[in-house]
Ligand code: HMG
């Protein structure tokens, strides 16, 4: 039956662009103390998404890192979570399925609820796989996190995509029952149609994030009877890594000192990659999961990890999963440290130029892509049709 079947995350793939800006340089340019960004915000580098990448190409580049021919045969559902949509009608998942060469006998849809969307996608996928155990679902979390240049949100930008393959007998994480969700209509962060940058009430958004965390975390403990000590690590949506640390402190408020040290160590592993990339919006929690799996020395099969998902507007969920014996294989031997270290630094003025050069929907034009080394790229818009290509 459904109860005995293990369903969860079988593989994880991540992609971000080949460009970044150094947070110290950004701090100098904005006349801020570098430690405000490095410590106060908790970010070292910020991915700069060139105009030749959008959510579809980033998703394709992430998924191409994990999918085998056999996976492509088994995928019967593509759920694409994004808040950087490119069309009011046509789903990003449809372009993606074609670029990846998936079968045509599939469902392909887009989901939206700020940074929470991918978690909704994973839970939908879990239910779908329970009813269709021979199927796999490709869940995508992809965004380009844009705030105004020189706005307070600027140092919390970033971008990229995480591709998650969901199926039975997963290699990485078996999802547990009993998640807790919470939704309330709140204006902490939003992006009205036609605006290419998010609007945000920054301080307020932090308060809402923390209130929602307290709520779903306590509700989860009450519902399951678990205690802090039943978890090997806690993962958070990381709009910037300091935000997760603030939530972790709430969870650790009654912890024994030795227990607290352990959680803080695992948190450092879980934020290593996010520190280097910035906010991925929908993908941030799952980049943090990848970072923990890749960097932790202590994590073992059979251990429970907790995941806190938050999307402004606002919606949150806490759920857990059990680490599986082959979790390292599920990362498909990609050396993400090397991938991140091989990126090119751009100056602050170059980043500002690239920021302005993005083509948004209902614009026409060509995009320079010669210097973009990624396999899938966006070449521009003609006749109001987006042009995607593969190298
Ligand atoms: P700000 O006003 O520029 O920064 O905005 P600040 O003055 O509050 O300083 C930030 C921190 O740096 C503070 O630490 C300072 O003390 C510290 P805190 O009090 O918070 O612990 N600081 C220093 N530390 C060390 N050395 C120094 C130094 N100077 C200062 N010299 C803010 C910060 C995050 C509000 C802004 O960047 C922003 O609006 N960001 C965007 C909104 C956001 O990310 N909100 C997060 C919660 S909402 C969410 O997660 C959802 C989201 O991902 C969207 C979605 O769901 O789709 C955003």
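General observations
- Rounded to the nearest 500, the 222 nm mean residue ellipticity of the chain from helices alone is -10500 deg cm²/dmol, with -39,500 (n - 2.57) taken per DSSP H run of at least 4 residues.
- Computed on the Cα trace of the stretch 244-377, the radius of gyration divided by the Kirkwood hydrodynamic radius gives Rg/Rh = 1.04.
- If the convex hull is drawn through the Cα atoms of the stretch 335-391, its volume per residue in Å³: 103 Å³
- Inter-site label distance for residue 31 and residue 375 at 7 Å from Cα along Cβ, in nm: 4.7 nm
- Taking all C-alpha pairs of the stretch 1-77, those more than 16 Å from each other amount to 67 percent.
- Directionally averaged projected area (convex hull, Cα atoms, the stretch 238-292), nm²: 3.4 nm²
- Considering only 302, 158, 225, the Gaussian network model of the chain with Cα springs below 10 Å gives its largest mean-square fluctuation to 225.
- Whole-number D in µm²/s for the stretch 77-148 (Stokes-Einstein; Kirkwood sum over Cα pairs; 37 °C, 0.692 mPa s): 258 µm²/s
- With neighbours defined as other Cβ atoms within 10 Å of a residue's Cβ, the residues 315, 364 order from fewest to most as 364, 315.
- For the chain, DSSP calls about 70 percent of its internal beta bridges antiparallel.
- When the chain is treated as a GNM with alpha-carbon contacts under 10 Å, the residue of 370, 71, 134 showing the greatest mean-square fluctuation is 370.
- Full-extension gain in nm, residue 88 to residue 211, via 0.36 nm per residue minus C-alpha separation: 41.1 nm
- Each 10 Å bin, from zero up to the one with the longest distance, holds this percent of the alpha carbon pairs of the stretch 192-257: 16, 45, 25, 10, 3.
- Relative contact order computed over the chain (Cα-Cα under 8 Å; 6+ residues apart), in percent: 25 percent
- For the chain, average projected area of the Cα convex hull in nm²: 18.0 nm²
- Semi-axis lengths (Å, descending) of the ellipsoid that matches the C-alpha gyration tensor of the stretch 35-179: 29, 18, 14
- Stokes-Einstein D in µm²/s, Kirkwood radius over Cα pairs - the stretch 35-82 at 20 °C with 1.002 mPa s viscosity: 155 µm²/s
- Mean-position separation - Cα centroids, the stretch 106-174 and the stretch 238-310, in angstrom: 18 Å
- P(r) tail, the stretch 117-262: Cα-Cα pairs separated by more than 21 Å, 58% of all pairs.
- The length gained by stretching the chain between residue 333 and residue 245 to full extension, at 0.36 nm per residue less their Cα-Cα distance, is 28.8 nm.
- Pair residue 353, residue 230: separation of 7 Å Cα→Cβ label points (nm): 5.6 nm
- Dividing the mean sequence gap of close Cα pairs (under 8 Å, 6+ apart) by how many residues the stretch 1-53 holds gives a relative contact order of 41 percent.
Coordinate-derived values only; no laboratory data. These numbers were taken from a predicted model, which means no experiment stands behind them. Glycine also receives a Cβ, built like all others from the backbone with ideal geometry; neighbour counts cover every protein chain displayed.
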